[in-house]
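S.K.: Before I ask anything, let me first share the structure, which is written out below as structure tokens.
The values are calculated or read from the model by the stated rules, or taken from the named source; none is laboratory data. Bear in mind the structure is a predicted one, so any value in this text is a computation, not a measurement. Cβ placement follows ideal geometry from the backbone for every residue including glycine, while neighbour counts extend to all protein chains displayed.
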């Protein structure tokens, strides 16, 4: 049997979480909170289940949820998305990304992605016969070299995938990035796939520059969001995609055949939760405190770092501690020190020599303190 992904192994997140369990290590690797979602969200789900809302939802999503999403987008980003024709509820962000790529990438189409990149982008491109064009971000500040992007774009380039706030680096796109991207888009026939699942987790006065804010970008963008990141419910696997009607039509053609629809009572529960805007408005401060708590513990360590500007991830540079490559160092930390982290090399198609590890600070204060004490001892 010939593999369709011969060079792709098990996700690094599953590998490191498995090692954390095997060696009884503190798990700062996989990106999930170790605290529960709001009690009232669980109560809403239970209520809607008890009321009998347990059958198939409409393929694009429950209307009341799509209406809530539309209202939120118009209020936050100033753009109206038609709930009937431009909003689709999905089984998480990863399914949304895969479906978007499957709907538009044909054999031989080139797709630009920026590395380090979330690990679903590359295999999704390959499975659809696309040709990935990885561009490395600057490994000091993880900025984009837009001149390099221009040099790569050709008539064969179909899509650019971007992610802000960025996993794993914790950086965010700025106004200059938006200006440069807009120039490139206006000179080509590109589609954009914008991964904005951490839209509400952004710090230090930074603004989330959603592609929905800009007509030139929004008109050719599929934008992906996640309820799991916003409501501490990563295990419920639910997100949504916003796109103009013509793009949404093609997206739904694929969506209906890989999941058709997603969990009915949970959709209804999220619609209720979205009435409370203070929840997502409070997320920046909620996670900033966790970031600063962990970084405060680590400030006198041998690790060096620039505080994350978004997401609930922090990169740590271990170059003053070890000559091991990042994969070996991450495994050593798990086995010998008792802290599981994520190496950066799996976020690259051809690896990296940079000495970074990624930790998740969506954890309780006790867990962050205990793990920092172990890491500070190095």
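Per-residue answers, yes or no, for (1) at pLDDT 95 or above; (2) crowded, with 20+ Cβ neighbours inside 10 Å:
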residue	(1), (2)
71	yes, no
76	yes, no
81	yes, yes
85	yes, no
92	yes, yes
95	yes, yes
107	yes, no
119	no, no
122	yes, yes
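S.K.: Something else now. Are any residues in segment 261-281 exposed (fewer than 14 other Cβ atoms within 10 Å of the Cβ) and modelled with pLDDT under 95, and if so, which ones?
M.R.: Result: 276, 277, 278, 281.
S.K.: So which of 286, 297 is under 23 Å from the mean Cα position of the chain (by Cα) and either assigned to a helix (DSSP H, G or I) or surrounded by 15 or more Cβ atoms within 10 Å (Cβ to Cβ) (or both)?
M.R.: Exactly one of 286, 297 is under 23 Å from the mean Cα position of the chain (by Cα) and either assigned to a helix (DSSP H, G or I) or surrounded by 15 or more Cβ atoms within 10 Å (Cβ to Cβ) (or both), namely 286.
S.K.: Does residue 308 meet the test of being touching a residue at least 60 places away in the same chain (Cβ under 8 Å), closer than 17 Å to residue 34 by Cβ and touching a helix residue (DSSP H, G or I) at 6+ places or on another chain (Cβ under 9 Å)?
M.R.: So residue 308 does not fit the description; no.
S.K.: Could you please let me know if residue 315 is buried (at least 16 other Cβ atoms within 10 Å of the Cβ) and part of a helix (DSSP H, G or I)?
M.R.: Spelling it out, it is not the case that residue 315 is buried (at least 16 other Cβ atoms within 10 Å of the Cβ) and part of a helix (DSSP H, G or I).
S.K.: Right, another one. Do we find that residue 249 is within 30 Å of residue 216 (Cα to Cα) and either over 19 Å from the mean Cα position of the chain (by Cα) or surrounded by fewer than 16 Cβ atoms within 10 Å (Cβ to Cβ) (or both) in this structure?
M.R.: So residue 249 fits the description; yes.
S.K.: Something else about it: Does segment 213-223 contain any residue that is out of contact with any helix residue (DSSP H, G or I) (no Cβ under 8 Å at 6 or more places or on another chain), surrounded by 23 or more Cβ atoms within 10 Å (Cβ to Cβ) and not assigned by TED's automatic domain parsing to the domain that holds residue 341?
M.R.: no
S.K.: Quick check: anything in segment 165-174 surrounded by fewer than 20 Cβ atoms within 10 Å (Cβ to Cβ) and either more than 28 Å from residue 281 (Cβ to Cβ) or not assigned by TED's automatic domain parsing to the domain that holds residue 287 (or both)?
M.R.: Checked segment 165-174: at least one residue is surrounded by fewer than 20 Cβ atoms within 10 Å (Cβ to Cβ) and either more than 28 Å from residue 281 (Cβ to Cβ) or not assigned by TED's automatic domain parsing to the domain that holds residue 287 (or both).
S.K.: Failed condition for residue 157, given (1) touching a residue at least 40 places away in the same chain (Cβ under 8 Å); (2) out of contact with any helix residue (DSSP H, G or I) (no Cβ under 9 Å at 6 or more places or on another chain); (3) within 29 Å of residue 360 (Cβ to Cβ), with all others met?
M.R.: Every listed condition holds for residue 157 apart from (3).
S.K.: Those residues that are exposed (fewer than 14 other Cβ atoms within 10 Å of the Cβ) and out of contact with any strand residue (DSSP E or B) (no Cβ under 9 Å at 6 or more places or on another chain), I need them from segment 145-164; list them, please.
M.R.: 147, 150, 151, 155
S.K.: So which of 302, 369, 335 ends up being farther than 30 Å from residue 205 by Cα, at pLDDT 95 or above and surrounded by fewer than 18 Cβ atoms within 10 Å (Cβ to Cβ)?
M.R.: When all the criteria are applied, what remains is 335.
S.K.: Sort through 51, 43 and tell me the only one that's outside the structural domain of residue 252 (by TED's automatic domain parsing), modelled with pLDDT of 95 or more, within 18 Å of residue 278 (Cβ to Cβ) and surrounded by fewer than 15 Cβ atoms within 10 Å (Cβ to Cβ).
M.R.: When all the criteria are applied, what remains is 43.
S.K.: Collect the residues in segment 47-67 that are in contact (Cβ under 8 Å) with a residue 60 or more places away in the chain and part of a loop (DSSP other than H, G, I, E, B), keeping them in residue-number order.
M.R.: 53, 54, 55, 56, 57, 58, 59, 60, 61, 62
S.K.: Also: List pairs: first in segment 265-285 and in the same structural domain as residue 227 (by TED's automatic domain parsing), second exposed (fewer than 12 other Cβ atoms within 10 Å of the Cβ), Cβ under 8 Å, 6+ apart or cross-chain?
M.R.: 265/54
S.K.: Still on this model: Of all residues in segment 73-123, which are within 20 Å of residue 166 (Cβ to Cβ), part of a helix (DSSP H, G or I) and either outside the structural domain of residue 271 (by TED's automatic domain parsing) or within 15 Å of the chain's Cα centre (by Cα) (or both)?
M.R.: 92, 93, 94, 96, 97, 98, 100, 121, 122
S.K.: Could I ask something else about it? Given the conditions (1) free of Cβ contacts under 8 Å to residues at least 60 places away in the same chain; (2) touching a helix residue (DSSP H, G or I) at 6+ places or on another chain (Cβ under 7 Å), report the number of the one that residue 70 does not fulfil.
M.R.: That leaves (2) as the condition not met.
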